[in-house]
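Okay, so here's the structure we're looking at.
The values are calculated or read from the model by the stated rules, or taken from the named source; none is laboratory data. Just so you know, these numbers come straight off a predicted model, no measurement behind them. Every residue, glycine among them, receives a Cβ derived from its backbone with ideal geometry; neighbour counts consider all protein chains shown. We work out accessible area using only protein heavy atoms, side chains counted, and drop any ligands, DNA or RNA first. Shrake-Rupley method; radii C 1.70, N 1.55, O 1.52, S 1.80 Å.
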Amino acid sequence: MRLVALGVGSGFAMDQFHSNYLLEAGQARLLIDAGTTIRYSLAKAGVTLRDITYILITHFHHDHAGGLSELLLKGYWTFDEGIHKPHLMTVVIREEQLQDLEATLAPSMNNQGMTWRDFCHVVFFEEGEYEVAGVKLNCIVTDDLHCEGMESYALRIEE
């Protein structure tokens, strides 16, 4: 298991990227949050979209989810030797966050007969312990702790 900090900056970071992380465990790569600087931090870390299996969104502030639609669009519109081979990533959220996810993705992705659901898979993460590629992820509900009225969760990661 390896945890890579893709940034250490605040919500308005100018040069240290947002606090997003990449958890590598076996063949699985879990992107933890996808702020607006994510395309730059992934490129600097040498990570391609095809490397990413899951995207866990802890809450829907711009520094944690503002780059999500771009990642999903770029993943979908990938080609191999001129043949369209979409890479649909799985977005992991709490069920209570579905309305926030739709509000984030729909404005830029619902067009030309497609909706945001055509560009990704969605699975729900509820409070409790999960195992992914031999790594224990404990989802801890943190509603209202970071921001009043915002559904959110934290992760405890154990090998």
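Here are a few things to note about the model shown:
- Condition met for Phe12 (part of a loop (DSSP other than H, G, I, E, B) and surrounded by 14 or more Cβ atoms within 10 Å (Cβ to Cβ)): no
- Residue count for region 73-91 under the criterion of being touching a residue at least 40 places away in the same chain (Cβ under 8 Å) and within 26 Å of Asn138 (Cβ to Cβ): the result is 1.
- Pick from region 38-87, criterion open to solvent by 60 Å² or more (accessible area, probe 1.4 Å) and among the hydrophobic types (A, V, I, L, M, F, W, C), ranking: farthest from Phe124 (Cα to Cα): Ile83
- Candidate set from region 114-137 (those that are at pLDDT below 95 and outside any strand (DSSP E or B)); member that is least open to solvent (accessible area, probe 1.4 Å): Phe125
- Residues of region 30-80 classified as under 13 Å from Phe17 (Cβ atoms) and among the charged types (D, E, K, R), total: 4
- Condition met for Arg156 (open to solvent by less than 40 Å² (accessible area, probe 1.4 Å) and among the basic types (Lys, Arg)): no
- Here is the figure for region 15-42: residues that are under 14 Å from Leu71 (Cα atoms) and not in a strand (DSSP E or B) total 11.
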